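Below is one structure, written out as structure tokens, with a few remarks after it.
Read-outs: derived from the displayed coordinates by stated rules, not from any lab. Keep in mind that this is a model prediction, so the values were computed, not measured. All Cβ positions, even for glycine, are placed from backbone atoms using ideal geometry, and neighbour counts span all protein chains on display.
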Amino acid sequence: MPGYSGFGTQLKRGDGAEPEVFTAIANATSISGPGLTRETVDVSAHDSPDKHREFVGSLVDPGEVTVDVNYDPAEHDALVADLLEEDPGSYQLVFPTTPPVTWAFSAVMTGFEPSAPFDDKLTASIT
């Protein structure tokens, strides 16, 4: 099984138009997530085999995606509007495999955190 470099992975944001056009979030330095998880429901009963608990799958939590960027206010401040929007927007996570793999999802932005250390570059973390 081949390994792949993460270089070239893109998080793209949809413009909400019809047809929707997706644009990569610029200057991304790290993209993590989503951390997909599934809850389980305990369906154990007095007649469960061998006195073992039994579980069935329940709701899936799609988790969060975080992108860290070299912060450019001219480029990234438009994303703050997404934070103020209550309705989910359309996004794509594009992995640089051959052929490329794209995960499409709807999301609500929950965080935009710029950082300005005196001895380093401007950055921002967007969730």
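Tabulated data for the structure shown
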| item | result |
| --- | --- |
| Around D77: net Lys/Arg minus Asp/Glu count, Cβ-Cβ under 15 Å | -4 |
| Fluctuation leader among V43, V60, V101 - the chain, Gaussian network, Cα springs under 10 angstrom | V43 |
| Karplus 3J(HN,Hα) series, Hz, for the range 107-122 with 6.51 cos²θ - 1.76 cosθ + 1.60 (x for Gly, Pro) | 8, 10, 5, 10, x, 9, 10, x, 9, 9, x, 5, 10, 8, 6, 6 |
| Charge context of E20, other residues only, Cβ under 13 angstrom, K/R +1, D/E -1 | 0 |
| Pairwise centroid distance, computed over Cα atoms, of the range 93-118 with the range 50-87, Å | 9 Å |
| Relative packing of 19-28, 33-42, 48-57, which averages over residues the other C-beta atoms within 10 Å, highest first | 19-28, 33-42, 48-57 |
| Net lengthening on full extension, R38/L84 (0.36 nm per residue, minus Cα-Cα) | 13.7 nm |
| Principal semi-axes in Å for the range 35-80 [√(5λ), Cα gyration tensor, largest first] | 47, 9, 4 |
| R0 of 25 Å, Cβ-Cβ distance E20-S125: FRET efficiency to nearest 0.05 | 0.45 |
